[in-house]
Amino acid sequence: MQTFLIILGIVAIAAGIYFFLIKTGKIGDRDGDYIADDIEDTIDDIKEEVNEAKAKVNKKVKQVKTRVDKVIDELEDVGEEISDVFAAIKGKPTKSKLNALTKKQLVDSAKKDHSVDLELATKKSTLVNKVYSLYNKK
């Protein structure tokens, strides 16, 4: 309890000195709120710096978002180009390549690549010729 009273006394003396210096004009207090002008000015300066830093960060975030969007667009283009490269490497199917496929694979490729429905009951040689003609009309 004694320690508390000592601390309370020191705080009361410090507050008394502070208020005395404000009332005598040694510490400036333009608006009379008992907060020293130096402290208020420092707080205002800090607020301005924080707002400027926040504006810079927001600007950088917008730049990063724009760059990310551009990268995504470029990656989509790269994906399309890669698929084109694979298609070019694969080339047009030859009859010998088509003969190596099953009837189901021939019907599926005609459906997938050309949206043409072919009958699975058709002879394989006829399916090969039809699929070959579909690929060579492109």
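Some notes on this structure:
- Pairs, first part of a loop (DSSP other than H, G, I, E, B) in the range 93-106, second surrounded by 14 or more Cβ atoms within 10 Å (Cβ to Cβ), C-beta under 7 Å, six or more apart: 93/132; 93/135
- Residue count for the range 18-56 under the criterion of being of a type in the set (Val, Ile, Thr), in a helix (DSSP H, G or I) and surrounded by 10 or more Cβ atoms within 10 Å (Cβ to Cβ): the result is 6.
- Criterion: modelled with pLDDT under 85 and acidic (Asp, Glu) - qualifying residue of 69, 84: 84
- Here residue 4 passes the criteria (1) free of Cβ contacts under 8 Å to residues at least 12 places away in the same chain; (2) in a helix (DSSP H, G or I); (3) surrounded by 10 or more Cβ atoms within 10 Å (Cβ to Cβ) except the one numbered (3).
- Any chance residue 113 is out of contact with any helix residue (DSSP H, G or I) (no Cβ under 7 Å at 6 or more places or on another chain), surrounded by 10 or more Cβ atoms within 10 Å (Cβ to Cβ), touching a residue at least 12 places away in the same chain (Cβ under 8 Å) and charged (D, E, K, R): yes
The values are calculated or read from the model by the stated rules, or taken from the named source; none is laboratory data. Everything numeric here is computed off the predicted structure, so don't read it as measured data. Positions of Cβ are generated from backbone atoms using ideal geometry, with glycine treated the same way; all protein chains shown enter the neighbour counts.
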